[in-house]
Amino acid sequence: MDIKYVPTICPYCSCGCGIYLVIKDGRIIGQEPWKEHPVNEGANCPKGKNAYAYIYSEDRLKMPLVRKNGVFKESSWEEALNLVSSKLKEAAPEKFGLIASCRNSNEDAYVIQKFARVVMGTNNVEYCGRLCHSSAVAGLVPTMGSGVMQTSQLEIELADCIFLAGVNLKETFPMISRRVLRAKDRGAKVIYTDPRNTATARYLADIHLQLKSGTDAALINAMMSIILAEGLENKEFIATRTAGLDELRNFLSKIDLKQAEELTGVPIEKIREAAITYARAERGCILYNQGICQHTVGGDNVKLHADLALLCGHAGKPGSGVNSMRGQINGEGSGDMGCLCVFYPGFKRVSEEAAKFFEDAWGVSNLPTKPGMTYIDQLYNCKFLYMIGGDPMMVVPDVNNVKKVLQNMNFIVVQDIFLTEIARLAHVVLPAATWVEREGTHTFVDRRVQKINKFIDTPGETKPDWLIVSQLAERMGHKDKFSFSSAGEIFEEIRSCIPQYKGITYERLEKTVGGIHWPCPSEEHPGTPTMFLEKFGTPDGLGHFQPVEYKPPAEMPDEEYPYFLTTGRSIFHYHTGHMTRRTPKLMNEVPRGFVEVNPKDAIKAGVKDRDIVTLETRRGSIEAEARVTDNVQPGLLFIPVHFADSCANVLTNSALDPSCKCAETKVCAVRLEVKR
Ligand code: SF4
């Protein structure tokens, strides 16, 4: 009997917690805490305590599947890859789309984007980060020069005011909520904006601004107007590190606080308390997530939070900044690697110059120089789709319409670990390895790069994503550019092309518990936990104020659809639910989708707790179990996003933020009826 205890990283959220896996005779049989890991110090949330069960699920894909006469048949890799290769050779670059995932390793993501650009000649390569955090780039690049998290998650403990903007931290980043609790022990105050009364509101917040859905801009403008009126702006910081305050001041002079109170539903005295608390703090730290991003004004919302931080001088020091909380394991890394239609690897904006750089680096010619299509635009405009690790049938708004579009595609190839909702519509399905069946790196929420090793053999004939894509590239005539023999070889190419990763090596990562924060320009450099210590990432190094007006959501309640609907997450589930719904202990906690209904609305609609209700929007309807609770205010309904049989995105609105093409999945108008 051979028993091993091996250290690795939890495969779920982007906190990047350490765990020990217990492996007996080549099979994982349990897990133990990793007490020395700096992120979690031995603690894990319910998902992290049940990290591996899904990989032994009976319905793991183990062989390639090829659709024949409408039915999937198991095939050899030879047959499947030859078919995909011949189909993709038919695709014009502008009709081909390639979508990766936040769960791919850096090495996978790097090879995926290289395939799109070198083999298919297109920048039509994206990942699911587009649907939640593209607004970070739209909002933070013009204000501060970069959309990444600015302080290390460990440094959050240093803050004396933590502003949780639309991030239900307790459930979505449980280990970071421990840092907030430690800051509170030192006397820090926590401000929280969320229309719902969540666990974060109950256990972390000192000031919960329970605003109406989609009114963040009205709230932040009111806060900034109060700060200026009280003379609480940080004059020295503004003078030395920012530009454009006069324009913001002029704009804010027209803000009517009474109107802000009416729009947000938050008493002005409470807004004032929050504004003064944040402005007076020595170190203020804004952590934000989809609650402010997944709106038609998501980019604007991020700009406003950056304005607020600049106004108070809360950036450019440990435990401060405006911090984009990318939620999934490689939410940062897949973007760093260039799985974005407007960026080559290392956030080199698509241009002739960037194409030339990578032509030289990769020894190729004619790389695309024009931006490609974003995630949702690819679905609606391409005829050939290669989907690696994502599921638009779960995460894209107006799923019924998405299904029709997918059914009209010429060819869909899906590469994943399970037969996902989109895989059911595919022509070919390729079975991929999970996180402990291959080697690679991931970049966690605070730019922390950590290495994950291969500990067990892949089941059946599954392969790492990078290997499948490389073998396909080989069949399509590009063997010399994709002749990688290991993930380590890919990482060496990443280091040579992406300056932020230059000083990070596999050897260093093996020796550094907790990983290394990029930017890391040399092998002697310790990494960079805090960004912008001396200057921002803008061309002139200054923070730029960007005044933004409040705009209402694209769809408001009316007589026909009288409720606001908002969506979110549960601590027991992860994203599309494909992994956690195959984890019995997590399913025991939350076995199905539900809708939260305020008691007053329940009486009005004749709904009792645990009734099955129908939710209907202009796009479709679903059934879900009602939970009558004052977690939601009257007029607001909430559903989690993890369940295929009561899929939230059947209901959500496909209106897009024009600045970044992120969809407004956080707010739409809905009708509620008891199922008769
Ligand atoms: Fe895993 Fe995130 Fe939970 Fe940590 S907080 S154990 S990384 S799911």
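Let me know the volume per residue of the alpha-carbon convex hull for the stretch 31-98, in Å³. Could the numbers behind the result be given before it?
Numbers: hull volume 13.8 nm³, N = 68.
Hull volume normalised by residue count: 203 Å³.
What relative contact order, as a whole-number percentage, does the stretch 563-674 give when Cα pairs under 8 Å and 6 or more residues apart are counted? It would help to have the intermediate numbers written out before the result.
Values: 239 pairs, mean separation 42.0, N = 112.
The normalised contact order for the stretch 563-674 reaches 37 percent.
Enumerate the whole-percent occupancy of each 20 Å bin, from 0 to the last occupied one, for all C-alpha pair distances of the chain.
Result, from short to long distances: 19, 55, 25, 1 percent.
Just to check, using Stokes-Einstein with a Kirkwood Rh over alpha carbon pairs, what's the diffusion coefficient of the stretch 563-674 at 10 °C and 1.306 mPa s in µm²/s? Can you show the working numbers first?
Details: Rh = 14.3 Å.
For these conditions, the coefficient is 111 µm²/s.
Restricting to Cα pairs below 8 Å that are 6+ residues apart, what does the relative contact order work out to for the chain? Please round to a whole percent.
Details: 1624 pairs, mean separation 134.4, N = 676.
Computed value for the chain: 20 percent relative contact order.
Given axes a ≥ b ≥ c from the Cα gyration tensor, I'd like to know whether the stretch 134-325 is rounded (a/c under 1.5), prolate (a/b larger than b/c) or oblate. The partial results should precede the final answer.
Numbers: a/c = 1.33, a/b = 1.15, b/c = 1.16.
Rounded.
Which order do the peptides 485-492, 312-319 take when ranked by the mean count of other beta-carbon atoms within 10 Å per residue, highest first?
312-319, 485-492
Out of all DSSP beta bridges with both ends in the stretch 563-674, state the antiparallel percent to the nearest 5. Walk me through the intermediate numbers first.
Values: 16 of 25 bridges.
Bridges in the stretch 563-674 are about 65 percent antiparallel.
From Cα pairs below 8 angstrom and at least 6 apart in sequence, can you work out the relative contact order of the stretch 134-325, rounded to a whole percent?
36
Order by neighbour count: 169, 83, fewest other Cβ atoms within 10 Å first, most last.
Taking fewest neighbouring Cβ atoms as first place, the list is 83, 169.
Based on the alpha-carbon gyration tensor of the stretch 445-517 and its eigenvalue square roots a ≥ b ≥ c, which shape applies: rounded if a/c is under 1.5, prolate if not and a/b is larger than b/c, or oblate? List each step's numbers first, then the result.
Values: a/c = 2.69, a/b = 1.43, b/c = 1.89.
Here the stretch 445-517 falls in the oblate category.
Would you mind classifying the stretch 41-137 by shape? Square roots of the alpha carbon gyration tensor eigenvalues, ordered a ≥ b ≥ c; an a/c under 1.5 is rounded, otherwise it is prolate if a/b is larger than b/c and oblate if not. Mind dumping the intermediate values first?
On the way: a/c = 2.56, a/b = 1.23, b/c = 2.08.
Judged from the Cα gyration tensor, the stretch 41-137 comes out oblate (a/c at least 1.5, b/c at or above a/b).
Helix-derived [θ] at 222 nm for the chain: sum -39500 (n - 2.57) over DSSP H runs of at least 4, divide by residue count, nearest 500? Please list the in-between numbers first.
Details: 24 runs with 203 residues, N = 676.
Calculated mean residue ellipticity at 222 nm is -8500 deg cm²/dmol.
Once you've got the Cα coordinates, tell me which of 551/608; 24/170; 454/481; 370/535; 49/189; 184/551 are over 32 Å apart. Don't jump to the answer; show the numbers that get you there.
Details: 551/608 35 Å; 24/170 34 Å; 454/481 24 Å; 370/535 30 Å; 49/189 30 Å; 184/551 34 Å.
Distance filter (> 32 Å) returns 551/608; 24/170; 184/551.
To check you understand DSSP bridge types, tell me what percent of the beta bridges within the chain (both residues inside) are antiparallel, rounded to 5.
Numbers: 45 of 90 bridges.
Roughly 50 percent of the DSSP beta bridges within the chain come out antiparallel.
Packing-wise, with mean Cβ within 10 Å as the measure, how do 470-476, 6-12, 365-371 rank, highest first? All intermediate terms of the calculation are to be shown ahead of the outcome.
Values: 470-476: 19.9, 6-12: 22.9, 365-371: 15.0.
Highest mean packing first, the order is 6-12, 470-476, 365-371.
Give the separation of the Cα centroids, the stretch 44-72 to the stretch 510-588, in Å.
26
A short reminder: the numbers here are calculations on the coordinates, not readings from a lab. Quick caveat, the model's predicted, so the values are computed rather than measured. Ideal geometry is used to build each Cβ from the backbone, glycine not excepted, and the neighbour counts take in all protein chains shown.
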